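A short worksheet on the structure shown next.
The values are calculated or read from the model by the stated rules, or taken from the named source; none is laboratory data. On a predicted model such as this, the values are computed, not experimentally measured, just so you know. Using ideal geometry, Cβ is built from the backbone for each residue, glycine included, and neighbour counts are taken over all protein chains shown.
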């Protein structure tokens with residue numbers, strides 16, 4: 001290599017300042033590639049955070065509704081009352097852990113528990129659950145809001161799983 005000929009950047013392609021400091025040539029094409037990679041990484045991070053926030057918020061909504069229902073009368077219903085309290089606590093704790101960046105498996109847990117809550121809701125409206133049955137969307141509006149929150153949780157957990165699979169393949 002000629003001492004006066006610029007060397008091509010390879011080990012510092014993502015950092016044009018470092019390339020220039022080492023006296024290396026940093027081409028516009030390399031800069032464009034680096035910018036595209038940084039933009040893709042930033043977009044991916046924003047999507048992951050948004051999904052995590054959506055899962056946390058929807059879990060918290062369902063948890064708070066179940067806590068409210070427990071406090072306003074469901075605590076007196078055998079089996080169902082304690083189940084509402086457990087769901088309220090678990091969903092709120094999961095919401096907090098996912099919000100602060102807990103491990104990915106917590107999102108799976110959130111999805112599974114939300115599907116379980118939806119199944120329990122459907123059973124309570126059809127054949128009954130532990131001898132307890134309700135009709136329609138009572139208590140209103142809590143039943144509808146809780147179902148929507150749990151569906152949103154399932155949708156965003158699925159999006160989270162899809163997003164993580166896309167990154168690894």
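At-a-glance table
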| quantity | calculated |
| --- | --- |
| Selected residue [surrounded by 13 or more Cβ atoms within 10 Å (Cβ to Cβ) and without any contact (Cβ under 8 Å) to a residue 40 or more places away in the chain] from 149, 54, 143, 133 | 143 |
| The one condition in (1) at pLDDT below 95; (2) farther than 17 Å from residue 159 by Cα that residue 120 fails to fulfil | (1) |
| So residue 136, is it more than 19 Å from residue 64 (Cα to Cα), at pLDDT below 95 and under 17 Å from the mean Cα position of the chain (by Cα) | no |
| Criterion (touching a residue at least 40 places away in the same chain (Cβ under 8 Å) and either part of a loop (DSSP other than H, G, I, E, B) or surrounded by 14 or more Cβ atoms within 10 Å (Cβ to Cβ) (or both)) met by exactly one of 117, 88 | 117 |
